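Structure first, then comments.
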């Protein structure tokens, strides 16, 4: 029974170890909450990127961004929840085989951001302007 005596024996604690553990746990929780807020923004950006990919492939075959394609792109971006969508800088005229076609989409993305306020942290809504620029060569 003597061998189990050492396992059960209590050791005197050190308050500094416990305090350091609590501080580390608090920082991990703050980092987790901040990261969760950015997950939605990254998902939304991925959706916008997929929409732009679909339309640049269309532009490759046609040679430019047609008016009906531009209208569909604007509707898809609006349906995805983006505001103030602009296609300025995109190729609007027919390009010959091998010439560059450019799709430039600017939009306002809404999301939440964690900010320090006083002695704590709070979540505020924030809008950020983003730009997706894709280029390829005309195939048609």
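FYI, it's all coordinate maths here, none of it is from the lab. Just so it is clear, the structure is predicted and the values come from calculations on it, not from any experiment. All Cβ positions, even for glycine, are placed from backbone atoms using ideal geometry, and neighbour counts span all protein chains on display.
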Residue check, residue 114 surrounded by fewer than 16 Cβ atoms within 10 Å (Cβ to Cβ), touching a residue at least 40 places away in the same chain (Cβ under 8 Å) and either in contact with a strand residue (DSSP E or B) (Cβ under 8 Å, 6 or more places away or on another chain) or part of a loop (DSSP other than H, G, I, E, B) (or both): no
Got a sec? Which of 82, 107 is in contact (Cβ under 8 Å) with a residue 40 or more places away in the chain and touching a strand residue (DSSP E or B) at 6+ places or on another chain (Cβ under 8 Å)? 107
Take the residues in segment 47-70 that are part of a loop (DSSP other than H, G, I, E, B) and in contact with a helix residue (DSSP H, G or I) (Cβ under 9 Å, 6 or more places away or on another chain); name whichever of them is nearest to residue 129 (Cα to Cα). 65
Filter segment 22-53 for residues that are over 26 Å from residue 114 (Cβ atoms) and loosely packed, with under 15 Cβ neighbours inside 10 Å and give the result. 50, 53
Please determine whether any residue of segment 71-94 is exposed (fewer than 11 other Cβ atoms within 10 Å of the Cβ), at negative phi, in a loop (DSSP other than H, G, I, E, B) and more than 24 Å from the chain's Cα centre (by Cα). yes
Consider segment 95-105. How many of its residues are farther than 24 Å from residue 129 by Cβ and either surrounded by 15 or more Cβ atoms within 10 Å (Cβ to Cβ) or in contact with a helix residue (DSSP H, G or I) (Cβ under 8 Å, 6 or more places away or on another chain) (or both)? 1
